[in-house]
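First up is the structure itself, then whatever we jot down about it.
The values are calculated or read from the model by the stated rules, or taken from the named source; none is laboratory data. Given the structure is predicted, the values throughout are model-derived calculations rather than measurements. Methodologically, a virtual Cβ is constructed for each residue, glycine included, from the backbone with ideal geometry; neighbour enumeration extends over all protein chains shown.
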Amino acid sequence: MWVLACGQRESSKSPSGPSAPAALPPGTPVVLISIDTLRSDRLPAYGYQSVATPALDAFAADAVVFEHAYTPVPLTLPAHVSVLTGLDPPGHRVRDNAGYRLEADSIAYLPTVLHEAGYRTAAAVSSWVLRGTAGLSAGFDLYEDRITMAPRALLSGMQRSGFETLTAASDWLGEVADDPFFLFFHIYEPHTPHAPPPPYDTTYASPYDGEVAVADAIVGQLLDRLEGLGVYDRALIILLSDHGEGLNDHGDYEHGLLLYREVLQVPLLLKLPGNHDGGTRVERAVSLVDVFPTVLALLGLESTAGLDGRPLFEEPSMPEDPLYGETVFPRLHFGWSELYSLIDFPYHFIYGPDPELYDLASDPGERHNLVRSKRDVAAQLRAHLDSLDREIAEPLEEDDETRRKLAALGYIGTARGGGDDGPRADPKSQIHHLRRLKSAFTYYEERRYPEAEAEFRAVLAESPLLVDAWEQLGHTLTAQNKLEESLEPFERAMELSGGAPQVAGAIATVLLKLKRLEEARGYAELAADRHELTRDTLAQIAIRQGDLVAAETFVAEAVAGRGVRLGPLITEGELRLAQNRPEEVLSVTGRALEEALDLDTTDELSGLHFLRGSAFARMGRLEEAAAAYQREMELFPSDLEAYGRLALVRLFQGDRGQAAATLERMLTLFPSPAANAEAARTLRTAGDSAGANRLLDEALAKWPADQELLALRRAG
């Protein structure tokens, strides 16, 4: 084991930093290791004693350790963009995990710079938040982000084990070990949900510490791999985290809402070739934006003008500017105020509706607000903050075409994160809402939809500007098949978010299910450029509208960008059925079934067995068709059309009793206008128009205003 082979050495303190080689050897391998959501003060290398991290301890002995390193934003996507560009969020314009895309061709971007310098480049990431389609894949020969995105999953759940990510990176390392290469390796441990696997789940009282230990094991295996390939000693290896975790130090268990030290201070360790200056500890405050210019300087590459960061080994020739931090997450998702931060060590200034000032040296827990007793310090830092350009780029209002689409849908003039520019609440004064909101999300993930609905409605009654709560209420209603009812909260989320793409995509999906195809297409087109899942929706709309040429294009795009998602394969099967190619339907859905064996959920299989049943029926294989429809009904009991198709198959087989029983079961389970409409359509297809009309008359007596029932009755 690498961690056992490395000896410990005495560490030395340096106020500003050790001396660095004038330039590293040409083609020095560069490895960037990011351990998501890792607080520096929960590592033994930074003084914590309640978790064992042998790999990181040994690495720290070979590396330069920066004791006071800070992220400019406590969110995964924008923080990593800052690492890779040397820019604070206002400079690279990516301000949140969703709804923003890095325009890597317009700024200097580390993978591109290294690729142009002759490096082979690869990334292996563990969270959907860092998907390549967010603009991160620019400059990479390989961007390995194959992460299952289940339809119901929340962003925090769209992840894979770091061990899987290591496997994805390991083969590539073997191919490039003798070449100049850059590897960006990202793991999501210890991000929520904190659920370490055995034996780490019982080794530590804190699940967070257990996940830190898991992260150490993963990194240890990566370093073993580099050692085995003869790369470790000659490589430049940078290990960091994108942000910390609240762990309820100031009322927030996670991150993104507040800007206290626990979410801003991160580990930053830099190992030079030959372990130069290994064990040195740097006390000077630094930022993650310093990583990009440091790599350029060490490799002797031309620096880029306009960076917010500076090389970590460069001796400051004059007083340095305070370190910038921000979170606009509270505004975008809750309608609360954004927050800004400046660290001019030891002082930490947090600016919002209720400003705060702390002395990090004497009060690292930030319990004593000095904003009134140190008015001069607060005023100076406020003046510096006011001198910065902090304009929040609105992700859906950056081009004329998107503005036109928003206007066509009635969203012109809406403001992202609250609807107006009036005063917004300080997030720390609203933190109590999070407990009930977290309860609502937990109910949703556990499929306890009525309880989730009640909790979301209770939260919104008290705080009606919570964008995420409106959006999730829409999803909760959709999961209960309350499609018409779900549109209202989704529309509210659209208004408050200024047209967030994921919300537009959700509305498109609901409208598609309601067969309101033109409206669905408008929302899907709005979301398509920034939310890749809507390619699937656009394909389904085109199929239902009979535009199979357009559907072919959308299907090809969706399949090409699907990663490990099964939905695009099912949509391809739907297209092949529309093209009357049943054998190809069975082929593509069979492929999806094989891939589904590796999934922990059946959520992604919705519609798959229905398609197989339809293909079998067209081929005259009626018993196989019946079995497929029954399987669809078992997995997705609310798929009404499967009941109708099974009833038709039984009629074609001459079994009228089974056909009637199937329709009766559907009407008993789902006493709704939609179920009655499906039963009526089935009877008409079977030639029983009189029976269909009787059923419709009975249904209209209960639901006289239902448009689908009325249309069917008029047609009969």
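Restricting attention to the stretch 185-202 and to residues that are in a loop (DSSP other than H, G, I, E, B) and free of Cβ contacts under 8 Å to residues at least 60 places away in the same chain, the residue that is nearest to GLY132 (Cα to Cα) turns out to be PRO193. For residues that are in contact with a Phe, Trp or Tyr (Cβ under 8 Å, 6 or more places away or on another chain) and not in a loop (DSSP other than H, G, I, E, B), tally how many sit in the stretch 240-254. Selection size over the stretch 240-254: 0. Among the residues making up the stretch 265-301, a single one is acidic (Asp, Glu), over 33 Å from the mean Cα position of the chain (by Cα) and not in a strand (DSSP E or B): ASP277.
Contact annotation: residue pairs with Cβ atoms under 6 Å, 6 or more positions apart or on different chains, pairing a residue in the stretch 114-133 that is surrounded by 18 or more Cβ atoms within 10 Å (Cβ to Cβ) with a partner that is among the hydroxyl-bearing types (Ser, Thr, Tyr) and assigned to a loop (DSSP other than H, G, I, E, B), are SER126/TYR188; SER127/TYR188. Number of residues in the stretch 514-563 that are among the aliphatic types (A, V, I, L, M), closer than 20 Å to ALA98 by Cβ and surrounded by 23 or more Cβ atoms within 10 Å (Cβ to Cβ) equals 6. Of all residues in the stretch 564-599, those satisfying the criterion of being surrounded by fewer than 16 Cβ atoms within 10 Å (Cβ to Cβ) and closer than 23 Å to LEU142 by Cβ are VAL564, GLU595, ASP598. Here ILE350, ILE343 are screened, and the one residue that is under 33 Å from the mean Cα position of the chain (by Cα), within 16 Å of LEU257 (Cα to Cα) and in contact (Cβ under 8 Å) with a residue 40 or more places away in the chain is ILE350. When the stretch 22-78 is filtered for residues that are touching a His at 6+ places or on another chain (Cβ under 6 Å) and either within 20 Å of VAL214 (Cα to Cα) or in a helix (DSSP H, G or I) (or both), the ones remaining, listed by number, are SER34, ASP36, THR37. Scanning the stretch 262-287 for residues that are closer than 22 Å to ARG331 by Cβ and either hydrophobic (A, V, I, L, M, F, W, C) or surrounded by fewer than 24 Cβ atoms within 10 Å (Cβ to Cβ) (or both) yields a total of 2. A search for C-beta distances below 7 Å between a residue of the stretch 465-477 that is assigned by TED's automatic domain parsing to the domain that holds PHE490 and on the phi < 0 side of the Ramachandran plot and any residue that is surrounded by fewer than 23 Cβ atoms within 10 Å (Cβ to Cβ) and among the charged types (D, E, K, R), counting only pairs 6+ apart in sequence or on different chains, returns TRP470/ARG492; LEU473/GLU453; LEU473/ARG457; THR476/GLU453; LEU477/GLU453; LEU477/GLU485. Could you check the stretch 353-379 and list, in sequence order, the residues that are charged (D, E, K, R), farther than 21 Å from GLY256 by Cα and touching a strand residue (DSSP E or B) at 6+ places or on another chain (Cβ under 7 Å)? Result: ASP359, LYS374. Against the test of being under 30 Å from LEU434 (Cβ atoms) and modelled with pLDDT of 95 or more, the options PHE334, PHE329, PHE292, PHE349 yield a single qualifying residue, PHE349. Residues that are modelled with pLDDT of 95 or more, under 18 Å from ASP308 (Cα atoms) and among the small types (Gly, Ala, Ser) within the stretch 102-118 comprise just one, ALA108. Is it the case that ALA626 is crowded, with 21+ Cβ neighbours inside 10 Å, of a type in the set (Gly, Ala, Ser) and in contact with a helix residue (DSSP H, G or I) (Cβ under 6 Å, 6 or more places away or on another chain)? Spelling it out, ALA626 is indeed crowded, with 21+ Cβ neighbours inside 10 Å, of a type in the set (Gly, Ala, Ser) and in contact with a helix residue (DSSP H, G or I) (Cβ under 6 Å, 6 or more places away or on another chain). Just the residues that are over 15 Å from SER638 (Cα atoms) and touching an Asp or Glu at 6+ places or on another chain (Cβ under 8 Å), please, taken from the stretch 477-489. PRO489, the sole residue that qualifies. Scanning the stretch 295-320 for residues that are of a type in the set (A, V, I, L, M), within 24 Å of ARG39 (Cα to Cα) and at pLDDT below 95 yields a total of 1. Among the residues that make up the stretch 200-208, is at least one of them in contact with an Asp or Glu (Cβ under 6 Å, 6 or more places away or on another chain) and of a type outside the set (Ser, Thr, Tyr)? No - not one qualifying residue is present in the stretch 200-208. Within this structure, THR71 fails the test of being modelled with pLDDT of 95 or more and either more than 21 Å from GLY244 (Cβ to Cβ) or not assigned by TED's automatic domain parsing to the domain that holds LEU173 (or both).
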